[in-house]
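What follows is a short report on a single structure.
Please treat every number below as a calculation from the coordinates, not as lab data. These numbers come from a predicted model, not from an experiment. Methodologically, a virtual Cβ is constructed for each residue, glycine included, from the backbone with ideal geometry; neighbour enumeration extends over all protein chains shown.
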């Protein structure tokens with residue numbers, strides 16, 4: 001998109017400051033050399049804007065608006081896996097607030113305005129530390145300086161267990177069928193109450209981790225089917241993309257297509 005913005009903008013600028021003036025001068029010379037009556041249709045055809053200039057002038061403002069919105073305000077993402085079930089399902093299309101944690105320059109990623117920081121329980125999109133070309137989505141569990149433990153399917157923050165309450169068995173459909181029968185629980189993480197899935201028969205990755213300064217420990221809500229900080233470490237602050245806040249669409253072909261009830265749902 002950045003390339004399209006640059007190309008269309010350059011074409012628009014060149015036409016505005018240079019090419020249009022040349023066309024007007026050529027048309028003026030042609031008019032002076034022609035004998036009446038002047039063929040206005042012919043003149044218009046000869047000296048009209050080239051097609052590529054018309055397209056550039058039409059699309060440049062649209063591309064600019066979309067680029068600014070995606071770079072600084074809101075960006076859409078699609079959920080390809082079930083690691084955040086049951087909060088997010090396979091096929092969810094979400095919106096991410098990109099200025100919640102500060103305003104960054106597009107492409108370079110340097111922060112130019114510090115607005116806030118992630119809170120425990122936030123669902124965040126970030127660039128995967130092992131391969132920054134990939135975007136991941138997880139829930140913030142540990143803040144800088146926290147000691148995070150995970151034992152017997154329970155999170156411990158600075159030695160204190162995070163409360164859980166089982167609500168029943170999960171009924172999986174479509175892309176989430178593999179988690180059918182998992183234990184569905186309510187977890188109170190900070191000020192956020194949210195649902196998680198636990199596979200009691202599956203061995204979990206356990207251990208204790210100290211979160212470095214300026215980094216965050218993240219986990220998927222589908223605890224036994226999530227590639228998260230338990231396996232590859234913490235997320236540096238400058239890898240954060242933004243906070244997920246709404247589902248604007250769900251399309252899961254294996255579940256019959258659009259799930260209308262999820263459209264417009266908030267993400268907790």
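Each Cα pair under 8 Å and six or more residues apart adds its separation to the average, and for the chain the resulting relative contact order is 19 percent. Would region 119-264 count as rounded, prolate or oblate if I go by the C-alpha gyration tensor, calling it rounded below 1.5 in a/c and otherwise prolate when a/b exceeds b/c, oblate otherwise? Since a/c reaches 1.5 but b/c is at least a/b, the shape of region 119-264 is classed as oblate. Comparing 86, 161, 36 in a Gaussian network model of the chain (Cα springs below 10 Å), the most mobile by mean-square fluctuation is 36. Distance from the Cα centroid of region 93-166 to that of region 206-268 is 8 Å (rounded to whole angstrom).
Across 243, 160, 28, mean-square fluctuation computed from a Gaussian network of the chain (C-alpha pairs under 10 Å connected) peaks at 28. Compute a Gaussian network model of the chain, connecting alpha carbons closer than 10 Å, and tell me which residue from 167, 234, 29 fluctuates the most. With Cα springs under 10 Å in the chain, the top fluctuation among 167, 234, 29 is at 29.
Between helix 51-68 and the chain there is an angle of about 30 degrees, using the helix long axis and the longest principal axis of the Cα atoms. Extension gain, residue 103-residue 245: 0.36 nm per intervening residue step, less the Cα-Cα distance, totals 49.4 nm. Solvent-free Debye calculation, one equal scatterer per alpha-carbon of the chain: log10 I(q)/I(0) at 0.14 Å⁻¹ equals -0.98. In plain terms, the residue of 178, 83 with the fewest other Cβ atoms within 10 Å comes first and the most crowded comes last, giving 178, 83.
With the highest mean first, a sort of the peptides 206-212, 110-116 on other beta-carbon atoms found within 10 angstrom per residue produces 206-212, 110-116. Taking a point 7 Å from the Cα of residue 238 along the Cα-to-Cβ direction, the residues of region 209-229 with backbone N closer than 14 Å to it are 214-215.
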